[in-house]
Amino acid sequence: MKRRSILIGAAGTALATGGAGLLWKPRVEGKPHNPYFSALNEMLKQDGPGRPVMLIDLDRINSNIDLIAGSVGPEKTYRVVVKSLPSVPLLQHVMQRARTQALMVFHQPFLNTIAETFPEADCLIGKPMPVSAIETFFRKAVGTRYDSENKVQWLIDTPARLQQYLAVAKRFGIRMRINFEIDVGLHRGGIPEPAALAPLLKVIEENSQHLELSGLMGYEPHLSGMQAALTHPEVKKVLDIYSGHIAVVKGAGYDPARLTLNGAGSHTLGIYQHDATMNDLAAGSGVVKPTDFDTYHLTDNLPAVFIATPILKRYEELKVPGDLWVAQPLQWWNPNMRRLYYIYGGYWKAKIISPPGTPDPIYQSTNQSPVTTSRNVDLQVDDYMFLRPTQSEHVMLQFGDLLAFRGSEIIETWPIFQQSG
Ligand SMILES: Cc1ncc(COP(=O)(O)O)c(C=O)c1O
């Protein structure tokens, strides 16, 4: 029914508008793959597994890593956001090239994988975790080389959660490093204002055998898309709030330079190149640049992650379920509906990027999705279509091993993180 109503809706609009419909007749879109995607198509027809895959362009990620690391600069720490780059070899590559051991982690199973594979990594937890996840982490990390007590910074957002963590630290007989989530304007939670920090610091001071202050985290993605610079009033607001919290910490006798003062993400990291309020900036997605990251401060970063999926079927006409009468007028009205392909899979958080000018599938199916094109697109069964994910988080976990390529050669296959464990 859903498919039918989509088609009838489209045809209805065309026909009901009569003469105006003619004026709206869509332009012919659609072009062959450009040389970049033609080469990838040939590579996958020769060496691909014949199913949807996730490709990573090694040259492009290198260029993106250099841009991000350059923007962070030598005075601050670049912290790699694990959920946006969820593969051990991919993280290894980024960390080596950017010369950093700092990670931001959002998922207990990922944290345990990191404990097993990156013994030197300093992990700031990116969201407050239920205490049961912490207990699971500690239980599973026993026997690894990872110094769980001194390498993880646990994120705390409320006095109640601090008390919960204190209880865990006492029960395990350990000392936990505490990083406070501060609300710098996003209003996603955290310590609401600098004055609210003082009593929490007192709890730490009174329980210094079990708790230690490691820093602050103030995330501000609400600045994305503002083309914001340091002089922008919204940026000033964020930095003023952040500075207020730093003043409280300083007042309690801490040296801010010895703490992790984290903030930013891929969208906003570029703002702070010439500011020293924060000493630790996070970014992940900007390394691969999915479509949601086509934003101002990432203009020079290059799209480096693609879904490639084989074409299973090709037809020279628009075929619709039940031979509906609308098919004929619809393909007459819209020249971009005169060829029909079925691609392997679909319904991903992604947009078709090649062949260029290809509209979204006429309906979405996780099994086979129908994609129409103009006659300008002349791909055959077993050729590939390419999509750009809208985000890398989650989507990169849907295809099994990542295929890392250079030019038109698959160089390595990179396993992705396990979601449980
Ligand atoms: C706390 C925090 N910091 C930083 C980031 C930035 O990640 P990315 O660079 O992948 O957008 C995120 C993303 O959700 C986040 O939640």
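The values are calculated or read from the model by the stated rules, or taken from the named source; none is laboratory data. Keep in mind the model is a prediction, meaning the values are calculated, not measured. Positions of Cβ are backbone-derived with ideal geometry, glycine not excepted, and every protein chain shown enters the neighbour counts. Heavy atoms of the whole protein, side chains included, go into the accessibility calculation; ligands, DNA and RNA do not. Shrake-Rupley method; radii C 1.70, N 1.55, O 1.52, S 1.80 Å.
Starting from segment 155-173, take each residue that is over 16 Å from residue 213 (Cβ atoms) and list its partners that are part of a helix (DSSP H, G or I) and open to solvent by 30 Å² or more (accessible area, probe 1.4 Å), counting only C-beta distances under 6 angstrom and pairs at least six apart or across chains.
164/131; 168/131
Go through the residues of segment 233-254 one by one and say whether even a single one is within 16 Å of the ligand (Cβ to nearest atom), among the hydrophobic types (A, V, I, L, M, F, W, C) and outside any helix (DSSP H, G or I).
No, there is no match, as no residue in segment 233-254 is within 16 Å of the ligand (Cβ to nearest atom), among the hydrophobic types (A, V, I, L, M, F, W, C) and outside any helix (DSSP H, G or I).
Only one of (1) touching an Asp or Glu at 6+ places or on another chain (Cβ under 8 Å); (2) within 15 Å of the ligand (Cβ to nearest atom); (3) under 27 Å from residue 300 (Cα atoms) fails for residue 260. Which number is that?
It is condition (3) that residue 260 fails.
Name, by its number, the condition in (1) part of a loop (DSSP other than H, G, I, E, B); (2) open to solvent by 10 Å² or more (accessible area, probe 1.4 Å) that does not hold for residue 318.
Result: residue 318 fails condition (2) only.
In segment 71-105, what residues are assigned to a helix (DSSP H, G or I) and either within 11 Å of the ligand (Cβ to nearest atom) or within 19 Å of residue 155 (Cβ to Cβ) (or both)?
82, 83, 84
Just need a number here: residues in segment 114-154 that are touching a residue at least 24 places away in the same chain (Cβ under 8 Å) and assigned to a helix (DSSP H, G or I).
The total comes to 17.
Considering only residues that are open to solvent by 70 Å² or more (accessible area, probe 1.4 Å) and among the polar types (S, T, N, Q), look in segment 139-178 and name the one that is farthest from residue 105 (Cα to Cα).
Among residues in segment 139-178 that are open to solvent by 70 Å² or more (accessible area, probe 1.4 Å) and among the polar types (S, T, N, Q), the one farthest from residue 105 (Cα to Cα) is 163.
If a residue has to be within 16 Å of the ligand (Cβ to nearest atom), surrounded by 13 or more Cβ atoms within 10 Å (Cβ to Cβ) and not hydrophobic (A, V, I, L, M, F, W, C) to count, how many in segment 216-232 make the cut?
6
Which condition number in (1) surrounded by fewer than 20 Cβ atoms within 10 Å (Cβ to Cβ); (2) within 23 Å of the chain's Cα centre (by Cα); (3) farther than 30 Å from residue 406 by Cα is the one that residue 324 fails?
(2)
Do we find that residue 59 is touching a residue at least 60 places away in the same chain (Cβ under 8 Å) and in contact with a Lys or Arg (Cβ under 8 Å, 6 or more places away or on another chain) in this structure?
Here the answer is yes, as residue 59 does meet what is asked.
Just one of the numbered conditions (1) under 30 Å from residue 352 (Cα atoms); (2) surrounded by fewer than 19 Cβ atoms within 10 Å (Cβ to Cβ) is not true of residue 56; which one?
Of (1) under 30 Å from residue 352 (Cα atoms); (2) surrounded by fewer than 19 Cβ atoms within 10 Å (Cβ to Cβ), only one is false for residue 56: (2).
Would a scan of segment 193-215 turn up a residue that is among the β-branched types (Val, Ile, Thr) and within 16 Å of the ligand (Cβ to nearest atom)?
Taking every residue of segment 193-215 in turn, none turns out to be among the β-branched types (Val, Ile, Thr) and within 16 Å of the ligand (Cβ to nearest atom).
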